Amino acid sequence: MSVLIAPSILSADFAALGNAVAAAERGGADLIHVDVMDGHFVPNITIGPPVVRSLKKIATVPLDVHLMIEEPDRYIDAFAEAGAAMISVHVEVLPHLHRTVHAIKALGAKAGVVLNPSTPVASLTDIAADVDYVLVMSVNPGFGGQTFIPRSESKLREVRALLDRAGSGAPIEIDGGIDQHNVARVVAAGAGIIVAGSAVFHSADPERATRDLKAAANGATASSASSR
Ligand code: DX5
Ligand code: ZN
């Protein structure tokens, strides 16, 4: 299966989000990644359901909404209703993660769970069979443009092994510091969905950056398959 590219609009010009989404889609974006931050769970504040609703009107690919907020249970129905096709929540804020995952699914969205860099993979053990995808943070969430944390690569392998043991084929999304230079390595380590913010929207040509990233990600799949 080909690797999916999810450009993150966090690094786009918020006064021209429609143009940003259109450019990413022309470049072959498979999803649009939307970073929701509340100023509590993470130090930054970004956007809420009204913006997702507007994006839904213009995006032709599914919206992948990453909730970096405390008390996500209070907002998942608003994001689903606004048009999120995928909703991911952080394990660090959810004592009743099983309930939240099933609530997201009941709203008709795919349910993802997110691990911060310091959160152990073992925290997924009892939810692995229930999730539609796992998001591995490869930076501390809150800002675009940070440097990839190298430990994330072995963490991807650990998450893949855990999902396999649970009998789950759920893909793993990687988020933070991904660019043309390291995308092949994270794909080889098991990432199936690639989030990229600054690598796409801080480039001179976001359409081309998306296309190049997708080619590099999928070239990695092809070469690792042919070397087996
Ligand atoms: C960070 C966000 C990311 C961010 C990634 O907290 O979750 O999605 O947009 O940006 P880059 O790709 O620049 O690291
Ligand atoms: Zn994100």
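Some observations on this one:
- A straight chain from ASP164 to ARG208 at 0.36 nm per residue would run longer than the Cα-Cα distance by 12.4 nm.
- Under 17 Å from a label point set 7 Å out along the Cα-to-Cβ vector of ASN44, the amide N atoms of the stretch 148-177 belong to 148-149, 174-177.
- If you run the Gaussian network model on the chain, springs between alpha carbon atoms under 10 Å, then out of ASP164, ASP35, ASP132 the most flexible one is ASP164.
- Accessible surface, per residue, of the chain when the full set of protein chains is kept, probe 1.4 Å, Å²: 43 Å²
- Antiparallel bridges, percent of DSSP beta bridges restricted to the chain (to nearest 5): 5 percent
- Percent carbon-and-sulfur accessible area, the chain, ignoring ligands, DNA and RNA, probe 1.4 Å: 53 percent
- Whole-number D in µm²/s for the stretch 41-85 (Stokes-Einstein; Kirkwood sum over Cα pairs; 20 °C, 1.002 mPa s): 194 µm²/s
- When the chain is treated as a GNM with alpha-carbon contacts under 10 Å, the residue of VAL195, VAL42, VAL89 showing the greatest mean-square fluctuation is VAL42.
- Histogrammed with a bin width of 10 Å, the alpha carbon distances of the stretch 1-98 distribute as 16, 49, 29, 6, 0 percent, first bin at zero.
- You can think of it this way: the chain between ASP13 and SER54 has 13.3 nm of extra reach, that is 0.36 nm per residue less the Cα-Cα gap.
- For the stretch 134-177, convex hull volume per residue from C-alpha positions, Å³: 57 Å³
- Alpha-carbon radius of gyration plus Dmax, which is the widest Cα pair, for the chain in Å: 16.1, 47
- For the stretch 8-60, the extents of the C-alpha atoms along the principal axes are 35, 20, 18 Å, listed from largest to smallest.
- Directionally averaged shadow of the stretch 112-228, computed from the convex hull of its alpha-carbon atoms, nm²: 7.3 nm²
- Per-peptide packing, taken as the mean over residues of other Cβ atoms within 10 Å, places 50-60, 205-215, 15-25 in the sequence 205-215, 15-25, 50-60 from highest down.
- Each stretch of four or more DSSP H residues adds -39500 (n - 2.57); spread over every residue of the chain, this sum gives -10500 deg cm²/dmol at 222 nm.
- Whole-number D in µm² s⁻¹ for the stretch 63-142, Kirkwood Cα-pair radius fed into Stokes-Einstein, 10 °C, 1.306 mPa s: 128 µm²/s
The values are calculated or read from the model by the stated rules, or taken from the named source; none is laboratory data. Keep in mind it's a predicted model, so treat the numbers as computed, not measured. Every residue, glycine among them, receives a Cβ derived from its backbone with ideal geometry; neighbour counts consider all protein chains shown. We work out accessible area using only protein heavy atoms, side chains counted, and drop any ligands, DNA or RNA first. Shrake-Rupley method; radii C 1.70, N 1.55, O 1.52, S 1.80 Å.
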